[in-house]
Amino acid sequence: MDGPGQAVYYAHSAPTREGWEPLRDHLRDVAERAACFAARLGAADEARFAGLLHDLGKYSSTFTLRLEGKESGLDHWSAGAWAAVRCRSLAAALVIQGHHIGLQSPDSLRDLREPERFEQHHPLGLKLTENDFPALLTRLAADGLSLAVPESSIFNFKNPKAAAMLDVRMLFSALVDADFLETEAHFQRRPDGGKAHRSAGPDLRAAEALALLDARLAKLAEESSAASPVRELRADLLRACREGGDLSQGIFTLSAPTGAGKTLAMLAFALRHAAVHGLSRIVVAVPFLSIIEQTVKVYRDLLCPVFGDFYVLEHHSLAGTRNGEGDGQSEADRAARRLAENWDAPLVVTTSVQLLESLFANRPSACRKLHRLAGSVILLDEVQTLPPRLAVPTLATLSHLADRYGSSVVFATATQPAFDHLDERVRSLAASGWAPEEIVDPSLDLFGRARRTQVVWQMDSPRPWPSLAEELAGSGTALCIVNLKRHAQTLCSLLRERDVPGLFHLSTNLCPAHRERILAEVRRRLDLKLPCLLISTQCVEAGVDLDFPLVFRAFGPLDAIAQAAGRCNRNGRLPQQGLVRVFLPEPEEERYPPGGYEQAASVTRMLLKARGPEGMDIQSTELFDLYYRTLYDLTRVAAAEGKAKKLLDAMQRLDFQETAELYRLIDQDAINVVVPYAPDAFATLVRELREAGRPTAAWVRRARPHTVNVYRPKDGDSLWGYLDPAVADRTKQKGQEWYVLLDDQLYDRDMLGLTAVPQVWIA
């Protein structure tokens with residue numbers, strides 16, 4: 001009933017009818033919280049407007065029946081989107097429509113002009129709670145809520161498309177985070193019956209954190225066993241980063257050779273920059289889980305004893321507890337996971353996949369944290385791993401994030417990609433373009449001073465594995481890095497036959513606990529100058545602190561060769577330069593991993609042929625500039641078709657859903673396989689899994705050290721016969737992510753890890 005005796009409408013139910021939340025209260029609370037979040041975006045009025053309309057369809061007796069369990073399959077969001085379209089607020093319409101089903105495209109809003117026809121052809125087969133949309137607005141007004149149409153919008157349809165899409169996502173983030181938080185508070189409830197809002201994350205307190213970091217760095221410098229030139233180089237990098245923190249906000253590169261202390265130096269930049277400019281958050285994104293675990297430990301050990309466990313937030317697919325220990329079931333661990341939902345922490349350490357794919361996402365849960373990036377320092381480490389096909393849209397989105405939302409973005413690496421020449425292409429997607437400022441003054445000549453190795457290019461003929469194994473067996477202490485896991489296993493098998501002392505193997509066929517033990521033993525033997533021969537894949541090339549006198553590297557991309565050289569004479573303690581031997585693996589059908597790896601190797605070969613070995617100085621920034629320019633120019637040709645073109649086409653149409661589907665840093669889907677590296681721990685994990693019937697957050701956290709990631713096999717692959725799904729329903733096999741290895745003979749605890757019975761394991 002409308003009018004003076006209007007019925008009460010509700011947003012959410014509760015165990016008793018008295019506890020049901022009036023819709024008026026929910027809309028008002030979401031609107032004000034969304035406006036607060038969007039104030040830093042310059043869109044408070046638009047966010048408030050969207051908040052008042054986001055659940056407009058709940059002003060219906062049909063929705064009340066839904067709360068009573070008497071109705072289902074209802075659409076309560078399209079009415080609000082219709083109202084926003086009528087008020088010519090396209091951005092608000094998109095975020096209202098998307099707060100349950102994900103952001104769609106402006107074209108999807110056209111059908112809302114005729115509600116009855118829209119219901120007949122509903123894209124999800126749902127029923128509208130009410131198809132008399134004007135009546136819903138009447139009930140909203142009668143409930144004491146006043147709509148103020150925003151005078152301006154965060155969104156301009158005429159803007160370059162990456163910028164326009166990010167603007168919508170930022171408004172979307174403010175709305176959905178506010179909605180999640182208010183809904184959560186309703187269902188939590190305080191003892192007095194009121195809403196129980198979660199506590200906010202701690203403040204950054206950048207100046208105090210920087211003082212702690214300075215003290216730690218001074219102590220590390222005192223205790224360092226590195227040669228004097230290396231210590232001086234690290235001190236110069238740190239000084240440059242401290243001074244660089246005073247620079248105006250914007251986009252930066254941090255180019256520093258491997259072993260220069262980049263992990264802590266870039267944190268010094270971020271803390272100083274945040275203190276100077278009053279920024280609220282630091283987000284560190286790294287490409288590999290092996291690096292993230294090390295980075296989180298360094299940051300936590302430094303900062304959490306003073307500022308508390310919640311100061312450093314680890315967020316990726318396998319993170320579960322606040323400090324890497326415990327069972328994940330404590331209230332503190334649950335609170336940490338809640339903070340991870342919207343990155344409400346001063347220092348967030350995450351993966352490149354989590355950060356970058358969220359910037360192109362369309363789902364509420366993935367986009368929820370994006371508004372927290374405004375007024376933040378974003379550090380992207382090892383940026384050479386960014387797939388070339390995604391470079392232009394990624395740079396455009398990050399550029400707009402810095403230009404419009406007051407963030408500072410740092411691209412850090414030892415092999416800086418030549419993104420500068422992509423400026424014109426970036427401007428086609430974001431007017432701000434790509435013109436970063438280098439933090440380190442070139443006059444410091446860090447790369448020239450880091451010349452601690454000599455690279456020998458042994459490329460005359462392919463090297464048979466038995467011949468290479470024979471040379472390695474006589475090398476005493478050396479590191480050999482190959483391109484494929486099966487190559488590493490082949491070499492290890494040949495060396496095992498020769499009974500080589502101090503032989504170790506490292507690849508992602510080993511679970512993290514196994515890799516950690518191997519690395520600890522390798523470092524011990526290196527320190528004691530005992531024989532040590534490590535055969536590894538590329539997993540050792542980024543963020544792993546090893547110092548070998550001799551490194552063999554299978555021919556591959558130039559940046560990979562430079563990263564491998566960073567494991568040679570890393571601390572400059574040899575009386576002469578370390579030696580890096582680049583060899584050509586023996587030919588076979590598959591020499592490189594899938595993706596752009598082979599193309600990057602081809603560019604390296606082309607440069608080697610044109611310049612000769614004497615022109616391939618891996619410390620030369622000029623060489624890397626040419627390498628990346630050539631690589632990205634080739635990628636531009638490849639982008640004229642395939643997924644790269646489809647992605648750009650989807651962005652031009654402002655199709656959020658297709659864009660999210662196409663923007664993937666890793667194309668191949670992976671599954672997690674729990675392996676019997678530690679038999680007792682494995683047995684406990686299997687028992688707990690069977691008792692719970694599914695992987696819980698606490699179980700996932702404990703299982704992570706005992707897990708190997710493999711590409712999801714194709715249907716009918718024999719590999720499925722060796723896997724037991726975590727949820728005991730093989731009919732749901734395609735959607736499952738966790739499996740248990742059924743045959744413990746397939747995991748070699750001594751050296752190889754997951755072995756090659758089905759060849760897909762080591763592809």
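Here are a few things to note about the model shown:
- Residue list for the range 91-108, filter: of a type in the set (A, V, I, L, M, F, W, C) and either farther than 14 Å from LEU53 by Cβ or surrounded by fewer than 19 Cβ atoms within 10 Å (Cβ to Cβ) (or both): ILE101, LEU103
- Residues located in the range 129-188, provided they are in a helix (DSSP H, G or I) and either on the phi > 0 side of the Ramachandran plot or charged (D, E, K, R) (or both): ARG139, LYS161, ASP167, ARG169, ASP177, ASP179, GLU182, GLU184
- Selection from the range 230-283 of residues that are touching a strand residue (DSSP E or B) at 6+ places or on another chain (Cβ under 7 Å), charged (D, E, K, R) and within 15 Å of ALA414 (Cβ to Cβ): LYS262
- For the range 522-529, the criterion of being assigned to a loop (DSSP other than H, G, I, E, B), surrounded by 19 or more Cβ atoms within 10 Å (Cβ to Cβ) and either in contact with a Gly (Cβ under 9 Å, 6 or more places away or on another chain) or not hydroxyl-bearing (Ser, Thr, Tyr) (or both) is satisfied by no residue at all.
- The single residue among ALA683, ALA650, ALA692, ALA644 that is without any contact (Cβ under 8 Å) to a residue 24 or more places away in the chain, closer than 30 Å to ARG425 by Cβ and hydrophobic (A, V, I, L, M, F, W, C) turns out to be ALA650.
- Residues (of a type in the set (Gly, Ala, Ser), outside any helix (DSSP H, G or I) and modelled with pLDDT of 90 or more) located in the range 596-619: GLY612
- Taken over the range 169-188, residues that are of a type in the set (D, E, K, R) and open to solvent by less than 10 Å² (accessible area, probe 1.4 Å) amount to 3.
- Test: residue in the range 580-587 that is out of contact with any Phe, Trp or Tyr (no Cβ under 8 Å at 6 or more places or on another chain) and at pLDDT below 95: yes
- Inspection of the range 114-121 identifies at least one residue that is assigned to a loop (DSSP other than H, G, I, E, B) and not hydrophobic (A, V, I, L, M, F, W, C).
- The set of residues in the range 189-215 being at positive phi and surrounded by fewer than 13 Cβ atoms within 10 Å (Cβ to Cβ) consists of GLY193 alone.
- Residue check, ALA703 at pLDDT below 90 and of a type in the set (A, V, I, L, M): no
- Residue list for the range 126-179, restricted to those being closer than 18 Å to ASP55 by Cα and of a type in the set (Phe, Trp, Tyr): PHE133, PHE172
- Residue list for the range 563-585, restricted to those being more than 35 Å from the chain's Cα centre (by Cα) and among the charged types (D, E, K, R): ARG573
- Among the residues listed as ARG496, ARG515, the single one being among the basic types (Lys, Arg), touching a strand residue (DSSP E or B) at 6+ places or on another chain (Cβ under 9 Å), at pLDDT below 95 and crowded, with 19+ Cβ neighbours inside 10 Å: ARG515
- Taken together, the residues in the range 360-375 that are surrounded by 22 or more Cβ atoms within 10 Å (Cβ to Cβ) and within 17 Å of SER432 (Cβ to Cβ) amount to 2.
Residue by residue, here is whether (1) out of contact with any Ser or Thr (no Cβ under 8 Å at 6 or more places or on another chain); (2) at pLDDT 80 or above holds:
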{"residue": "VAL675", "(1), (2)": "no, yes"}
{"residue": "PHE682", "(1), (2)": "yes, yes"}
{"residue": "VAL708", "(1), (2)": "no, yes"}
{"residue": "ASP748", "(1), (2)": "no, yes"}
{"residue": "LEU754", "(1), (2)": "yes, yes"}
{"residue": "GLN759", "(1), (2)": "yes, no"}
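- Across the range 575-607, the qualifying residues are those that are of a type in the set (A, V, I, L, M) and under 25 Å from CYS539 (Cβ atoms), and the one among them that is most open to solvent (accessible area, probe 1.4 Å) is LEU579.
- Selection status of TYR722, modelled with pLDDT under 85, open to solvent by 50 Å² or more (accessible area, probe 1.4 Å) and among the aromatic types (Phe, Trp, Tyr): no
- For the range 324-359, the set of residues classified as assigned to a loop (DSSP other than H, G, I, E, B) and either at pLDDT 95 or above or surrounded by 16 or more Cβ atoms within 10 Å (Cβ to Cβ) (or both) consists of GLY328, TRP343, ASP344, ALA345, PRO346, listed by residue number.
- Enumeration of residues in the range 609-620 that are open to solvent by 20 Å² or more (accessible area, probe 1.4 Å) and farther than 24 Å from PHE548 by Cα: LYS609, ALA610, ARG611
- Given (1) closer than 22 Å to TYR677 by Cβ; (2) at pLDDT 95 or above; (3) not hydroxyl-bearing (Ser, Thr, Tyr), index of the condition LEU472 fails: (1)
- Matching helices (runs of 4 or more DSSP H) fully within the range 1-90 where at least 2 residues are among the basic types (Lys, Arg) and surrounded by fewer than 23 Cβ atoms within 10 Å (Cβ to Cβ): 23-38
- Candidate set from the range 221-254 (those that are touching a residue at least 60 places away in the same chain (Cβ under 8 Å) and surrounded by 22 or more Cβ atoms within 10 Å (Cβ to Cβ)); member that is farthest from ARG40 (Cα to Cα): VAL230
The values are calculated or read from the model by the stated rules, or taken from the named source; none is laboratory data. It should be emphasised that the depicted structure is a prediction, and the values quoted were computed from it without experimental measurement. As a convention, Cβ positions derive from the backbone with ideal geometry for all residues, glycine included, and neighbour counts pool all protein chains shown. Side chains included, ligands, DNA and RNA excluded: accessible areas come from the protein's heavy atoms. Shrake-Rupley method; radii C 1.70, N 1.55, O 1.52, S 1.80 Å.
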